[in-house]
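Notes follow once the structure below has been shown.
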Amino acid sequence: MRIAMIGTGYVGLVSGVCFSDFGHDVICVDKDPRKIEMLEGGTVPIFEPGLDDLMNRNVAAGRLSFTTDLKAAVDGADAVFIAVGTPTRRGDGHADLTYVMAAAAEIGQALTGHAVIVTKSTVPVGTNRKIAEAVRAAAPEADFDVASNPEFLREGAAIDDFMRPDRVVVGVESERAEKIMSDIYRPLYLRDFPIMVTDLESAEMIKYAANAFLATKITFINEIAALCEKVGADVKKVSKGMGMDGRIGNKFLHAGPGYGGSCFPKDTAALARIGQEHAVPMQITEAVIRVNEGVKTRMLEKLRDLCDGSFNGKTVVVLGVTFKPNTDDMRAAPSLTIVPTLVGSGARVRVVDPEGFREGEALLPGVAWITDPYTAADGADLIVILTEWNEFRALDLSRLSAAMAVPRLADLRNVYNRADALAAGFEAYDAVGR
């Protein structure tokens, strides 16, 4: 199959590279010439484990290429995937479809034969029908079908998620579109990974419903964590006991400083807005959004208590600022709330993160970026574990505490335990829900 992938952001690039590894001919398109120049030079502009090797292997095999020329990429394509950004629209929480609709119109004008126009971007219910209208308006004679193919990629594990998915969801309206999508995903079908075919609206809704539910699990365990602290329970034991129930499952039950990233904040806000527009309030989702914001405030209160009530003049080391490990993505990361508050309250903030510098340098002004946690700890008043990178899971706690002016540790990812921290020389230790 010949595939054009419009957009080389996280979803578009990972999907395009993986489709080429399936054996398809893939052309990835982006309007940013600097990004295309990087990709053609073999450099991946995002951090995703294994993506650079997989990309370069398929480029060398002649199955993957990059261009700024959308018209040339669409010419003769069997499927054209739209994988452009849908950021939260300012003021109303809805997904901004500006880039999606612009891509649809441009694709319509570039079509030279039949193609399936596939939406990979996360879009509100009803968007695929609007895409069809936009294509027809731009090219009344165009021969095309539309399909919804939402992504379920976890940053840091995206290649494995694409190659070994829990399911592939495909929303179509015609047998012709279903046949092309089946051919595209045939390598997964042959290995017995489930391909679920639905109508357009159901495929669109599955994406939002799934992300909202996962965000709800995270937020629920964070509320339970707050209660555990008051009643003397241990949230790690509580979540383990809950997760052993097959009806609940053990994933997304890890207490911490709240969810972030490119999907959950944006998708919960969009789902709440969709519900409002259709007079069916998503009350649980709306509560999840409110509680998640409150979690960040609660984390700041923990840090302030460890600093004797004031950040002013304190040296605080923050270990990890990306929203999760194994990514350089800073979108909606808890650090974007916590670190500026520390800086604004007079703290001297040192940041250690293996990949966060790429985006964090511009997003977190006023901090010192240090590569080594032991160097960062020298003379510090507080260490905060904010992102559970593997590099922070086996630290020499005694060495850290000995280097600090005031050895105090805020373990906001529950990596360590109180007894070990105190035995290593920390005079104060606080975690989440324990």
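Failed condition for residue 81, given (1) assigned to a loop (DSSP other than H, G, I, E, B); (2) touching a residue at least 40 places away in the same chain (Cβ under 8 Å), with all others met?
(1)
Assess whether residue 42 counts as being more than 26 Å from residue 138 (Cα to Cα), over 25 Å from the mean Cα position of the chain (by Cα) and among the small types (Gly, Ala, Ser).
When the stated conditions are applied, residue 42 does not pass them.
Is there any pair linking a residue in segment 411-427 that is closer than 18 Å to residue 233 by Cα to one that is open to solvent by 70 Å² or more (accessible area, probe 1.4 Å) and not polar (S, T, N, Q), with Cβ under 8 Å and at least six apart or on different chains, and which?
413/254; 414/236; 414/254; 414/434; 415/393; 417/434; 418/434
Quick one: count up the residues across segment 20-56 that are part of a helix (DSSP H, G or I) and aliphatic (A, V, I, L, M).
Residues flagged as part of a helix (DSSP H, G or I) and aliphatic (A, V, I, L, M) within segment 20-56 amount to 6.
Which one of the conditions (1) of a type outside the set (Gly, Ala, Ser); (2) under 29 Å from residue 163 (Cβ atoms); (3) touching a Lys or Arg at 6+ places or on another chain (Cβ under 6 Å); (4) modelled with pLDDT under 95 does residue 88 fail to meet, given that it meets all the rest?
The single condition residue 88 does not satisfy is (2).
Quick one: would you say residue 368 is touching a strand residue (DSSP E or B) at 6+ places or on another chain (Cβ under 9 Å) and surrounded by fewer than 22 Cβ atoms within 10 Å (Cβ to Cβ)?
yes
Could you check segment 230-347 for helices (runs of 4 or more DSSP H) lying wholly inside it with 3 or more residues that are in contact (Cβ under 8 Å) with a residue 24 or more places away in the chain and of a type in the set (Lys, Arg)?
283-306
Which of the residues belonging to segment 312-357 are among the hydroxyl-bearing types (Ser, Thr, Tyr) and either at pLDDT 95 or above or open to solvent by 30 Å² or more (accessible area, probe 1.4 Å) (or both)?
315, 322, 335, 337, 341, 345
For segment 236-259, what are the residues that are of a type in the set (Phe, Trp, Tyr) and open to solvent by 30 Å² or more (accessible area, probe 1.4 Å)?
Once the filter is applied, which keeps residues that are of a type in the set (Phe, Trp, Tyr) and open to solvent by 30 Å² or more (accessible area, probe 1.4 Å), segment 236-259 yields only 252.
Answer with yes or no whether residue 400 is assigned to a helix (DSSP H, G or I), touching a Pro at 6+ places or on another chain (Cβ under 9 Å) and either open to solvent by less than 30 Å² (accessible area, probe 1.4 Å) or of a type in the set (D, E, K, R) (or both).
Yes.
Take the conditions in a helix (DSSP H, G or I), open to solvent by 60 Å² or more (accessible area, probe 1.4 Å) and in contact (Cβ under 8 Å) with a residue 24 or more places away in the chain and apply them to residue 361. Does it pass?
Answer is no for this residue.
Considering segment 154-165 alone, what residues qualify as being surrounded by 22 or more Cβ atoms within 10 Å (Cβ to Cβ) and assigned to a loop (DSSP other than H, G, I, E, B)?
155 - this is the single residue of segment 154-165 that is surrounded by 22 or more Cβ atoms within 10 Å (Cβ to Cβ) and assigned to a loop (DSSP other than H, G, I, E, B).
Across segment 6-64, which residue is farthest from residue 325 (Cα to Cα) among those that are small (Gly, Ala, Ser) and either crowded, with 20+ Cβ neighbours inside 10 Å or modelled with pLDDT under 95 (or both)?
Within segment 6-64, the match that is farthest from residue 325 (Cα to Cα) is 20.
Answer yes or no as to whether residue 139 is of a type in the set (Gly, Ala, Ser), touching an Asp or Glu at 6+ places or on another chain (Cβ under 8 Å), surrounded by 14 or more Cβ atoms within 10 Å (Cβ to Cβ) and farther than 24 Å from residue 266 by Cα.
No, not satisfied.
Looking at segment 95-104, which of the residues that are more than 15 Å from residue 4 (Cβ to Cβ) and of a type in the set (Gly, Ala, Ser) is surrounded by the fewest Cβ atoms within 10 Å (Cβ to Cβ)?
102
Looking only at segment 152-191, how many residues end up being at pLDDT 95 or above, of a type in the set (Asp, Glu) and closer than 23 Å to residue 54 by Cβ?
4
It is to be established whether one or more residues within segment 218-235 are open to solvent by less than 40 Å² (accessible area, probe 1.4 Å), in contact with a Phe, Trp or Tyr (Cβ under 7 Å, 6 or more places away or on another chain), of a type in the set (A, V, I, L, M) and closer than 30 Å to residue 355 by Cα.
Yes, the conditions are met somewhere in segment 218-235.
Filter segment 252-306 for residues that are modelled with pLDDT of 95 or more and in contact with a strand residue (DSSP E or B) (Cβ under 6 Å, 6 or more places away or on another chain) and give the result.
302, 303, 306
Residue pairs, Cβ under 7 Å, 6 or more apart or interchain, first in segment 62-77 and more than 12 Å from residue 17 (Cα to Cα) and in contact (Cβ under 8 Å) with a residue 40 or more places away in the chain, second outside any helix (DSSP H, G or I) and of a type in the set (Ser, Thr, Tyr). List them.
Short answer, once both residue conditions are applied: 73/67; 76/112.
Quick check: is even one residue across segment 417-433 closer than 16 Å to residue 347 by Cα, open to solvent by 40 Å² or more (accessible area, probe 1.4 Å) and not in a strand (DSSP E or B)?
For segment 417-433, residues closer than 16 Å to residue 347 by Cα, open to solvent by 40 Å² or more (accessible area, probe 1.4 Å) and not in a strand (DSSP E or B): absent.
Of everything in segment 168-184 that's more than 11 Å from residue 149 (Cα to Cα) and in a loop (DSSP other than H, G, I, E, B), which residue is least open to solvent (accessible area, probe 1.4 Å)?
174
The values are calculated or read from the model by the stated rules, or taken from the named source; none is laboratory data. Here the structure is a predicted model, which is why all the values come from computation and not from measurement. Virtual Cβ from ideal backbone geometry, glycine too; neighbours counted across all protein chains shown. Surface accessibility is based on the protein's heavy atoms, side chains included, excluding ligands, DNA and RNA. Shrake-Rupley method; radii C 1.70, N 1.55, O 1.52, S 1.80 Å.
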